[in-house]
1. May I ask you to rank LEU70, LEU400, LEU160, LEU356 by accessible area, largest first, using a 1.4 Å probe over the protein chains only?
2. Points 7 angstrom from Cα along the Cβ direction at ALA360 and GLU324: gap in nanometres?
3. Suppose a student asked you for the relative contact order of the chain, using Cα pairs under 8 Å spaced at least 6 residues apart; what percent would you report?
4. Calculated FRET efficiency, TYR211 and LYS191, Cβ-Cβ r, R0 60 Å, to nearest 0.05?
5. Considering only Cα-Cα distances, which of the following residue pairs are longer than 21 Å: LYS172/LYS216; LYS133/LYS191; LYS16/LYS216; LYS130/LYS330?
6. Express the accessible area of the stretch 269-405 per residue in Å², computed with a 1.4 Å probe while the remaining protein chains stay in the model.
7. Sequence neighbours fewer than 8 away in the same chain don't count; with that in mind, list the aspartates and glutamates whose C-alpha is under 18 Å from LYS331.
8. Could you work out how much longer the chain between SER226 and ASP292 gets when fully extended? Use 0.36 nm per residue separation minus the Cα distance between them, nm to one decimal.
Amino acid sequence: MAVELQMPKLGATMEKGTIIEWLKEEGDQVTVGEPILEIMTDKINIEVEAPSQGVLLKKLYEVDSEVPVLETIAYIGETGEEIVEKTSNRNVQSEVVKEDNNTQAQQALNTTVSTKTLTGKIRRTPAALKLAKAHGIDLHLVHGTGPNNRIQVRDVELFLEGQKAKITPLAKKIASVQQIDINTLQPSSTKIVKEDVTKELTRNKSNSVSYNGIRKVVGERMAQSSATVPHVTLHTTIDMTKAIELRKMLLEKILSRTGFRLSYTEILIKSVAHALMSHPMVNASLNGKKIDLHSDINIGIAVAIPNGLVVPVIRNADQKGLLELTVESKKLAKNARENRLTTDDFSGGTFTISNLGMYAVDSFTPIINQPESAILGVGRIQEQVVSVDGAIVSRPQMALSLSFDHRVIDGAPAAHFLTDLKEILENPYELMV
């Protein structure tokens, strides 16, 4: 009997997935655990593996289709087997699909097998495939260094480095200023010259990009949060003098023990987690007719990736020191950029930090990452002239913006939390107590 392949439910909040690519065609032989298609959730791209061995008899959805979780998306069985499609959650009319022509299916199978023999099966990560497609690279030419010779992002990057064309200094400078990837340029001679860059710049101005994939998912989630949650944002400014001193004091110690540099992000995570211990209403979620006060303090860190945004989570951040937080946050950020996060890395967040301090951003109004009730926006640190004990001095200042759900938190408690956080960041040595 044919086995159903369903859209997996990869998290409590996942309601549907989008089919990014079919890795198998109807008539292809599949084995247990073999990737059949790639899907995108609201958080990650992931391959869906075959639950049983047999032939991919029928695909029920095309690429770019959004499919509810647990909906049947394909059938696996024996060649020529009759399929009875069940009524779906979306009331899709039942139908009986009979494979009348066994010979045709077998012929398709033979054709596919023959093609595979010629081309060879390519094992690659979704991120590697995405990068290869962006640069028009034939993955047959790339050597995989992952398990079972699976091609990883780094393999594609190394291939690209080997394919880089020569470029004149002026062309390279223009490309850098205009943020043009020189790997996408087509040289008109043996070198990429200024005219090649300006031609690409003109072409880009008339181009548009598709609003789909993770860009669309992020957009829809932000629009929903902004439209349904009554946002209120409070702003404050932090004197970072002592936080900078703390970072300088611990920088070499943590670097020598972990290989990672302590950043202000980790100091923020530790400080926010410490402040949340005294403010359970800020570490909460509205759940229907009740408000869940989370016992764990799990801090999500917003990480920008190509064409999107993801928020991996550091669990029990209040129980970890700066060394451990440095290692964990650096690894999560690296995995996010390489599209290697798992569903566990995203789940369970109770509060989010969005740090744009590495850019020329003084402050901004962050949108709450539902179902959480608050998010902290972090601006850059810059020297400002301030008055201290009657004297005019220059001090490093950093702006914080706390957006909160007014259904869960009132203004005064939110202001109390932000005041406590300011006190901690301006006296970070107290975290050691």
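The values are calculated or read from the model by the stated rules, or taken from the named source; none is laboratory data. None of these values were measured; they are calculated from a predicted model. For neighbour counting, all protein chains shown are included, and Cβ atoms are generated from backbone atoms with ideal geometry for every residue, glycine included. Ligands, DNA and RNA are excluded from the accessible area calculation, which covers all protein heavy atoms including side chains. Shrake-Rupley method; radii C 1.70, N 1.55, O 1.52, S 1.80 Å.
1. Result of the area sort, largest leading: LEU70, LEU356, LEU160, LEU400.
2. 4.0 nm
3. The normalised contact order for the chain reaches 13 percent.
4. Given R0 = 60 Å and the Cβ-Cβ separation, E is 0.95.
5. Pairs exceeding 21 Å: LYS172/LYS216; LYS133/LYS191; LYS130/LYS330.
6. Per-residue accessible area for the stretch 269-405 comes out at 44 Å².
7. In chain and number order, the partners are GLU266, ASP344, ASP345.
8. 21.7 nm
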